[in-house]
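Following: one structure in C-alpha cells, then a few remarks.
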Amino acid sequence: MLSRGQIIRWVVKPVIWMVGLGIPAWLTWGAFHDGLGSDPVETIQRWTGKGALIGLLLTLSITPLRRRTGWNDLIRLRRLLGLFAFFLATLHLLSYVVFDQSLSLVEIQKDVLEHPWVFAGLSTWLLLLPLALTSTKGSIRRLGGGRWQRLHRLIYLAAAGGVLHFLWLVKKDTGTPALFGAALVLLLVARLPRWKAARAPRSPDPLDSTRAPH
Amino acid sequence: MIIRRGGEIPSSEITPYQHYLDRRAFMLAAGAAALGAVLPPRLGAWPRRSDDKLTPYKDVIGYNNYYEFGTDKASPAKLAGGLKTDPWTIEVAGAVKRPGTYSYDDLVRPHPAEERVYRHRCVEGWSMVVPWMGFPLGDLIRRLEPSSQAKYVEFTTLNDPAQMPGQRSNVLPWPYVEGLRMDEALHPLTLMVMGVYGKPLPNQNGAPLRLIVPWKYGFKGGKAIVRIRFTDTQPRTTWNIAIPREYGFYANVNPQVAHPRWSQARERRIGEFFKQDTLMFNGYADQVASLYAGMNLRINY
C-alpha cells in the first residue's frame, strides 16, 4: 500500500507533469503534421487557454480540498499546478503575440487598449508573472510568510481575469465560460467561512471604529 | 471573374437519367462536366491575391459556423447528416407576382449551375476560398417578378429542432433570418448555392439551398432556405437582433470598421498560421462599392 505522500509523489505529480507537458507536445507535433484541424492557431489557443484556466482553478481547489479531507500532503501539489497554469498561459500569450499580431508591438498595444477581453487576458498573465517568479522556497524565506501569502492572493484576481477574458471573447455561446465562472465562485464560496473566522476579532476591540455600533 | 456557364441542357438528355439519378446530383455533375470542357484558365480577371489557393475540401466541409447544429465548428459535420433535404419546398412570399410554395426542383431547375470561386470571410476573422456551385440570385428574382414594393429580400432557414439539435438551445432566436437590399440581391455576384467542389452541397454547408454574398461577412449567407420573402421594410436579421451593437444589417467586409470586440483589419486563411490583410468588400470593391456610394459605412456596419 502506498502512503498518501507516496501517492502524491509517484502518481499524482507524474500525471500533472504528463498533462502539463503533454498538451504543448501534442500541439507542437500536430502543428507540423496537420493534426490540429482546420484552424490550427485556434486549436492551439483554445487548448493552452482552457488548460491554463483549469490549472488555475485546480490550484485554487487545493486549500479547500485539504481542509475538507484533512489530507495535508495535497499542499505539495499547489506550486506545481500553479506553475503549469502559468506555463500554459505563457504559451497562450506567445501564440497571440506571434500568430495573431506577428510580433507587432504597435498592433498589440492598440488591441489591448481597445478590447476589454484582450486587456483582461494580458492582465491575467501579468498578475501571474510575479507569482511564478516568487514560487521558490527561497522567495518565501526572503519575503517572509505573511508578505508572500498576501502577494499570492493575486491569484484570485488572476482567476477572475481569466474567466472574464474567456467570457468576453465568445460570440454568444457563453455556456463554457459560465461553467468556469461557476467553478471559480464555488471555490471562493468554499473559503468564505474561513475568511469570516479570520476577520472576526478574538476579543472585541473598543478602538476598532469599523465595529463600533451605529 | 470565373463564371463558368454550364449552358442549357436539352431536356431530351435529362429525361432518361431522371429514373435512376438523383436530379440534383445530375444537374451539378452536368454543370461541372460542361464547365470542365469549355473553360478559360482560372487566371486573370478575378480580383484574387496570388495566395488565393482553394481551401481544401475537408476544411470547407469540416469547419462550419451553423448554430442550428451547435456552436462548435466541428459539430455541424457531425450532426447535420440526418437532415432530410429531399423533398424540400421553398415558400415565396410577400411583394411578388408569383408567390407560392415551390418544390426545390421547380425553383432551382431552370437555372444552370455555374462554378464560382469566392473568398469567404467570417466575421470572426478567418477566411476560406471556396469553389461554390450555384446560379445568380438575380436570375431567380427576375423569374419570380417582385412588385414595385419589393425593396428587400428576406431569407428564412428551416426551423426544426427535431432535426436541428442546436435549435433546442436558445443561443440565437430561431428561425435564422437574413436579408439583403434589392440591389444587393440582384447583384450578379450574389449566388444561390446548391453545391461545392462540383458536388451537391453537404448538409453542414447549408444543403439543399443557401445564399452566398461574397463581399459580406459569412453570416449573411442563410443556409437551408425554406422561405424567400419580398418586402418594403428592412428585414430583422438574426445576429442583428441578438447583438445589435456588434452585427449590423449590411455586414459588408470592411477592414476599417472594427467589430466592437476585435479588429477586422486582418484575417487568417484556414489552415495557415499567420494573418493577412483583409480587403475592402473582401476584394470585390470594384464590383460592389457603387452600391454603397454616399453611405456612411461606420454607421451602416
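The values are calculated or read from the model by the stated rules, or taken from the named source; none is laboratory data. Only a predicted model underlies this, so the values are computations on that prediction, with no experimental measurement involved. Cβ sites come from the backbone with ideal geometry, for glycine too, and all protein chains shown count toward neighbours. When the accessible area is computed, the model is the full protein with side chains, heavy atoms only, and any ligands, DNA or RNA have been set aside. Shrake-Rupley method; radii C 1.70, N 1.55, O 1.52, S 1.80 Å.
Taking a cut-off of 13 Å between Cα atoms, list the aspartates and glutamates near A:K13, but don't count ones fewer than 8 places away on the same chain.
Qualifying aspartates and glutamates at Cα under 13 Å: A:D73.
Show that you can apply the helix-only estimate: for chain A, add -39,500 (n - 2.57) for every DSSP H stretch of four or more residues, divide by all residues, and state [θ] at 222 nm to the nearest 500.
On the way: 11 runs with 154 residues, N = 214.
Theoretical 222 nm ellipticity from helices: -23000 deg cm²/dmol.
Please identify the trypsin sites (Lys or Arg not before Pro) of the stretch B:213-283 that satisfy two criteria: DSSP loop assignment and at most 11 other Cβ atoms within 10 Å. Which are they? Don't skip to the end; give the middle numbers.
Values: sites: B:K216, B:K220, B:K223, B:R227, B:R229, B:R236, B:R245, B:R261, B:R266, B:R268, B:R269, B:K275; in loops: B:K223, B:R236, B:R245, B:R261, B:K275.
Taking the stretch B:213-283 and a limit of 11 other Cβ atoms within 10 Å, the loop trypsin sites (Lys or Arg not before Pro) found are B:R245.
Give the cross-link partners of B:K73 among the lysines, using a straight C-alpha distance below 22 Å as the criterion and excluding same-chain residues fewer than 8 apart.
Of all the lysines, those that pass the test against B:K73 - Cα under 22 Å, at least 8 places apart if same chain - are A:K50, A:K171, A:K172, B:K53, B:K58, B:K84, B:K199, B:K216, B:K220, B:K223, B:K275.
Would you work out the charge dipole size for the protein assembly as shown about its Cα centre, treating the Cβ of every Lys and Arg as +1 and the Cβ of every Asp and Glu as -1, and quote it to the nearest 20 debye?
Values: 64 positive and 39 negative charges, 594 e Å.
For this selection, approximately 2860 debye.
Need one value for B:163-171: mean number of C-beta atoms belonging to other chains within 10 Å of its residues' C-beta atoms. Spell out each step's value before the answer.
Details: counts 0, 0, 0, 1, 0, 0, 2, 1, 5.
For peptide B:163-171, the averaged partner shielding equals 1.
Which residues belonging to the stretch B:58-83 lose at least 20 Å² of 1.4 Å-probe accessible area when the assembly is complete, relative to their chain isolated?
Residues shielded by partner chains are B:K58, B:D59, B:Y63, B:Y67, B:T71.
Using the Kyte-Doolittle scale, which helices in chain A average at least -0.5 and also have C-alpha atoms spread 24 Å or more along the helix axis, with helices defined as whole DSSP H runs?
Working: long enough: A:13-32 (29 Å, 1.08); A:40-69 (41 Å, 0.13); A:78-95 (26 Å, 1.36); A:116-133 (26 Å, 1.68).
Sorted by number, the helices that extend far enough and score high enough are A:13-32, A:40-69, A:78-95, A:116-133.
How well do other chains shield peptide A:93-104, expressed as the mean number of their Cβ atoms within 10 Å of each residue Cβ?
Working: counts 0, 0, 1, 0, 0, 2, 5, 7, 4, 3, 0, 0.
Partner-chain Cβ atoms within 10 Å, mean over residues of A:93-104: 2.
Evaluate the distance, in nm, between pseudo-label points positioned 7 Å from the Cα of A:V189 and of B:M295 along their respective Cα→Cβ axes.
About 4.9 nm, to one decimal.
Just going by the charge dipole of the stretch B:134-261, with Lys and Arg at +1 and Asp and Glu at -1 on Cβ, which of B:L180, B:V257, B:P146 is farthest out on the positive end?
It is B:V257.
Calculate the dipole size of the stretch A:4-192 relative to its Cα centre from +1 charges on Lys and Arg beta carbons and -1 charges on Asp and Glu beta carbons; express the result in debye to the nearest 20. Don't skip to the end; give the middle numbers.
On the way: 21 positive and 9 negative charges, 316 e Å.
Roughly 1520 debye, rounded to the nearest 20.
Which values, in whole Å and largest first, are the semi-axes of the equivalent ellipsoid of the stretch A:13-60 obtained as the square root of 5 times each eigenvalue of the Cα gyration tensor? Before the final figure, lay out the partial values.
Details: eigenvalues 96, 36, 5 Å².
They are 22, 13, 5 Å, listed from largest to smallest.
Measuring from label point to label point, each 7 Å out along Cα→Cβ, what is the A:R153 to B:A265 span in nm?
4.0
Express in nm, to one decimal, how much length is gained between B:E91 and B:R245 on full extension, taking 0.36 nm for each residue of separation and deducting their alpha carbon distance. Before the final figure, lay out each step's value.
Numbers: separation 154, 0.36 × 154 = 55.44 nm, distance 3.10 nm.
Result: 52.3 nm gained on full extension.
Assign unit charges at the C-beta atoms only (+1 for Lys and Arg, -1 for Asp and Glu), then state the dipole size of the stretch B:45-292 relative to its Cα centre in Debye, rounded to the nearest 20. Each step should come with its number before you reach the end.
Working: 32 positive and 25 negative charges, 59 e Å.
Here the size comes out at about 280 debye.
Report the B-A buried area as the accessible area lost on both sides summed, probe 1.4 Å, in Å² to the nearest 100. Before the final figure, lay out each step's value.
Working: alone 13290 and 14150 Å², together 25360 Å².
For chain B against chain A, roughly 2100 Å² becomes buried.
Can you tell which of B:Y67, B:L189, B:M128 lies farthest toward the positive end of the dipole of the protein assembly as shown, using +1 and -1 charges on the Cβ of basic and acidic side chains (Lys, Arg; Asp, Glu)?
Result: B:Y67, furthest along the dipole toward the positive end.
Any idea which of B:V96, B:L209, B:I243 is furthest toward the positive side of the dipole for the protein assembly as shown, if Lys and Arg beta-carbons carry +1 and Asp and Glu beta-carbons -1?
Checked the options; the winner is B:I243.
How crowded by other chains is B:261-273, given as the mean number of beta carbons from other chains within 10 Å of each beta carbon? Intermediate values should be presented prior to the final figure.
Working: counts 9, 7, 8, 0, 2, 4, 0, 6, 1, 5, 7, 4, 8.
The mean count of partner-chain Cβ atoms within 10 Å per residue comes to 5.
Taking the stretch B:161-210, which trypsin sites (Lys or Arg not before Pro) meet the DSSP loop condition and have no more than 11 other C-beta atoms within 10 Å?
Working: sites: B:R168, B:R181, B:R210; in loops: none.
Here no trypsin sites (Lys or Arg not before Pro) fit, given the DSSP loop and packing criteria.
Kindly report the accessible area of the stretch A:1-114 per residue (heavy atoms of protein chains, probe 1.4 Å, no ligands, DNA or RNA), in Å². Show your work: numbers first, answer last.
On the way: 6390 Å² over 114 residues.
With the other protein chains kept in place, the stretch A:1-114 gives 56 Å² per residue.
Ratio of the protein assembly as shown's C-alpha Rg to 2.2 N^0.38 Å, to two decimals?
On the way: Rg = 28.3 Å, N = 515, 2.2 N^0.38 = 23.6 Å.
So the Cα radius of gyration is 1.20 times the expected 2.2 N^0.38 Å.
Tell me, what % of the accessible area of the protein assembly as shown is carbon and sulfur with a 1.4 angstrom probe? Display every interim value, and only then the final one.
Numbers: 15550 of 25360 Å².
Result for the protein assembly as shown: 61 percent of the exposed heavy-atom area is carbon or sulfur.
Within chain A, what's the longest stretch lacking trypsin sites (Lys or Arg not before Pro) that sit in DSSP loops with no more than 12 other Cβ atoms inside 10 Å?
Working: sites that count: A:R153, A:R202.
With trypsin sites (Lys or Arg not before Pro) excluded where exposed in loops, chain A gives A:1-152 as its longest stretch.
Mind checking which aspartates and glutamates have their Cα closer than 15 Å to the Cα of B:K151? Skip sequence neighbours fewer than 8 apart in that chain.
B:E178, B:D183, B:E184, B:D232
Work out the FRET efficiency for A:N72 and B:D277 from their Cβ-Cβ distance, taking R0 = 56 Å, and round it to the nearest 0.05. Each step should come with its number before you reach the end.
On the way: r = 57 Å, r/R0 = 1.01.
Efficiency, rounded to the nearest 0.05: 0.50.
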